[in-house]
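See structure below.
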Amino acid sequence: MSGGRIEVLAPDGIGEVAAGADLVALLVDAFPDLADGDVVVVTSKIVSKAEGRTTPGTREDLLAGQTVRVVARRGPTTIVENRLGLVMAAAGIDNSNVEAGQVVLLPRDPDASARALRTGLLATTGHNVAVVVTDTAGRAWRQGQTDLAIGAAGFVVLDDHAGRVDSYGNPLAVTAPALADEVAGAADLAQGKLARRPVAVVRGLAAHVLGADDDGPGARSLRRPLADDMFALGAREAVVAALAGESAEAFGAPAPAADLVAALARVGVTGAADGEGANRNVPLAPGAGDTAWLEAIDDLGRFATDSNAGALVVALGVDAAAGDPESPLRVTANGYRAAGRALGALGLPTVLVQEGGYDLTTIGPLVRETLAGVQEGATRA
């Protein structure tokens, strides 16, 4: 019976790997029958140990130095993008299978490590093989962990099916199996986590092994660019970043300001129980000034009129001030006074609650401008 088949071999008997260890010699001893087209899989742990990446300390001590940006933090768990561009818990710093008081950092350049091993194996055995360096990571939306490729040489790491058609003639546009990650997961099944089998050979994938003079783009090419990553931040961190008006790059492809405003409007509080529908929030895009501010005030006025409101309670935040360095908005004193006039002109009993503002040099003057505007508007109503 014909069909697809791969074979994974993960030998016992691999001893402790120390700094300076010859991993090429270790692999040749482990796989005396190495052949062209084999894929040699090596855990990052022994690569790091051989490269002297074991160091005293704790994950917490070393985390900041290995972090490019924090993706999410919940209690003791911190998920970050590390200096290799990998998103991992604790930056991939590992305190397992190492002496107490020690941790292991990831290889400085896992793709370079894979290339060096491939070159050494070719020189020693004469066989053209691929090399994949692996590490363990969790996955968004899924419980548990699996191994993935963090370094690769001589292997088609991503098999892009764009332009092909399926058996029904449908064109494929986004199908792109991450072959290097699949190899890492397959190898881990044979290696196990506690069996001390840090190396494996996967056979049956020779069609994806590149020529001896072509190392390929490496596992680094599997990283999703930040601008394309729709899940570049944890849920809580994304909300904070949005409200703070931070870089749109962290939300994937930069979105128009109108899209962000519309998204924030969907979470606006409208009241509850007997007060359902009595609240109105009008979000403004970062950088908005007097024009957008006053359009929002007019929207609030129409809402009050259409609702047959008997009174107004206005949360007067002066943290929209143009002169406040903490403000994402650019509303001037004239804008605050005009807003006050528009509210006063509604002719309703009005309570102003001052609840926002960080710059002490602007809070008082802007509150006075608003109150003066309310009095002016009420006088004309």
message: As a test of the definition: which semi-axes, in Å, follow for the stretch 54-116 when you take the square root of five times each eigenvalue of its alpha carbon gyration tensor? Largest first, please.
response: 19, 17, 8
message: Let me check against my output: what whole-number percent is the relative contact order of the stretch 18-173, with C-alpha pairs under 8 Å and at least 6 apart?
response: 22 percent
query: Which value in deg cm²/dmol, rounded to the nearest 500, describes the helix-derived mean residue ellipticity at 222 nm for the chain, given -39,500 (n - 2.57) per DSSP H run of n ≥ 4 and division by the residue count?
result: -9500 deg cm²/dmol
message: Springs between alpha-carbon pairs under 10 angstrom, Gaussian network model over the chain: which of Asp229, Asp324, Asp33 fluctuates most?
response: Asp33
- request: Compute log10 of I(q)/I(0) for the stretch 272-380 with the Debye formula, placing one identical point scatterer on every Cα and leaving out solvent, at q = 0.10, 0.18, 0.20 Å⁻¹, to two decimals.
  value: -0.27, -0.87, -1.06
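Calculate, in whole percent, how much of the Cα-Cα pair population of the stretch 297-340 lies beyond 12 Å.
Value for the stretch 297-340 (Cα pairs over 12 Å): 67 percent.
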- line: Taking only the Cα positions of the chain, the convex hull volume per residue in Å³ is 220 Å³
task: Lys and Arg at +1, Asp and Glu at -1: add these up for the other residues within a Cβ distance under 11 Å of Arg197 and post the number.
output: 0
field: Length-normalised contact order of the chain in % [C-alpha pairs under 8 Å, at least 6 apart]
entry: 14 percent
- request: Sum up the charges of everything whose Cβ sits under 15 Å from the Cβ of Pro325, counting Lys and Arg as +1 and Asp and Glu as -1, but leave Pro325 out.
  value: -3
Label point at Leu210 placed 7 Å out along Cα→Cβ; residues across the stretch 126-167 whose backbone nitrogen lies under 20 Å: 126-135, 148-162
- prompt: Given a Förster radius of 56 Å and the C-beta distance between Val313 and Leu172 as r, what FRET efficiency does 1/(1 + (r/R0)^6) yield to the nearest 0.05?
  reply: 0.50
Percentage relative contact order, the stretch 84-209, counting C-alpha pairs under 8 Å, at least six apart: 18 percent
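Read-outs: derived from the displayed coordinates by stated rules, not from any lab. Bear in mind the structure is a predicted one, so any value in this text is a computation, not a measurement. Cβ sites come from the backbone with ideal geometry, for glycine too, and all protein chains shown count toward neighbours.
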